[in-house]
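Just so you know, all these numbers are worked out from the coordinates, no wet-lab data involved. Everything numeric here is computed off the predicted structure, so don't read it as measured data. Cβ placement follows ideal geometry from the backbone for every residue including glycine, while neighbour counts extend to all protein chains displayed.
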Amino acid sequence: SSLFVYDHKITLKTCGTTTTLFCLEELFKIIKDELNWDFKNENGKLEPFKVFYSRRCFMFPAKQHSIHKNWSDEIEYLNKFFANGRSYLVGRNDKGNHWNLYVTDTNKMMIKESPQEQEEQPYNDETLEILMTGLNPNCAQQFVCNRDVKDIKNEPSTNNNKGDADDEGHLLGYNMTKKSGLDKIYNNVKDVSFHHDAFAFTPCGYSSNVVMDEEYYYTLHVTPEKGWSYASFESNVPVNHVSKGEQDNVQVLKHVLNVFQPKEFCLTFFSKEMSNESFTKLMNIVKQVTSYQKKDRIIYDLEDYQLLYMRFERS
Amino acid sequence: TISIKELTNHSYIDHQLSATLDSTEAFEGPEKLLEIWFYPTISNMKDPAKTLRSINVEKWVHILKLVQCEVLSIKSTKMMDAFLLSE
């Protein structure tokens, strides 16, 4: 799981049986107490600038906790907090592989106060997510380490040690990143800064965060177990910027697919405009991923964002 | 690409959690993704001196406990903090 905190926004991506939405009440309370940010409207509902909540349908929904067992319960919970939310079920409802999205209306009152907004977002605020299942067993094996878990739960904590490399989980995570080539997804022609943090779980599993140019991230999470293997890649890195136009998101997709070689994958791509170059190229990738058959291609006009959803299965 | 120095420049790391974490029960692949834009940009804030990044780590740890996540490590840059979490 990962959390990215910017000055003005957060992205929280959590795996397993986490209870992601149960942080909302405390999150907004702390933000009000600490920063004096109060987003409550006259009806008592919260109206931050924008909220997105999404997930692919679960493989084992019954094992989730509370509201997370059921998409409609999650939406009901979100609607208790936020004003003007709406939800989408994207893909084929009869198959166990659709994707769900909840999004609130943009709080346009804030935009009026921000004439410089466009100047501050020169790279068009795009997010690419690739969700893969049925990983090639040889590829999945790279993310199994079987290191020993130590029984030191009663020893004093060693939190917050700066500059200490004595950490097996992080070292193995680093090695997995190197070996799999996941540090080379983007052609960093511009030579922007590159910060990496990865962890190898035991008995298996892998998470990594990469921050490029101080403000863009890509994150990977892998559960390699046979029978329900899964990997995800999510990125807001503006590929055209960091590669000086030498690379595009289709090449990024191919690189990621090559690392995991899944039986099936879906991609989602958010951008401000459909005229976005990546949006157009991704929409037409069918001939470039010849090992896969396109099953779904859906475009949503979400007010101020365009969403592309595509699902593929190995031929 | 990455270099070995990336293992030594965390702004926060929990070695005890790292050594004791067992993911045996983390069977579900698909993640839940929550993104909240509190403001469109930093320039919209009344007081840009205090932002989400002003909230201390202990408060984030507390928030994340409600999610059933713990903080393994953090990398901080000029523009953002990237938390690597359990589960």
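Listing for the model above:
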quantity: GNM top mover of A:142, A:288, A:251 - chain A, alpha-carbon springs below 10 Å; calculated: A:288
quantity: Greater than 27 Å apart at Cα, pairs in A:178/A:272; A:50/B:46; A:95/B:65; A:45/A:108; A:50/B:75; A:226/B:75; calculated: A:178/A:272; A:95/B:65; A:226/B:75
quantity: Gaussian network model of chain A, springs between alpha carbon atoms under 10 Å - residue of A:84, A:249, A:236 with greatest fluctuation; calculated: A:84
quantity: ³J(HN,Hα) computed for each position of the stretch B:2-11 - Karplus, 6.51 cos²θ - 1.76 cosθ + 1.60, integer Hz, glycine/proline x; calculated: 9, 10, 4, 5, 5, 7, 10, 10, 5, 8
quantity: Segment residue B:79-residue B:53, extension gain: residue separation times 0.36 nm, minus the distance between their alpha carbons; calculated: 8.4 nm
quantity: Per-pair calculated FRET efficiency, R0 = 45 Å: residue A:286 and residue A:147 via Cβ, rounded to 0.05; calculated: 0.65
quantity: 0 to 90° range, to nearest 10: angle between helix B:57-66 axis and chain B longest Cα axis; calculated: 60
quantity: Extension reserve of the residue A:108-residue A:277 stretch, reckoned as 0.36 nm per residue once the Cα distance is removed; calculated: 58.2 nm
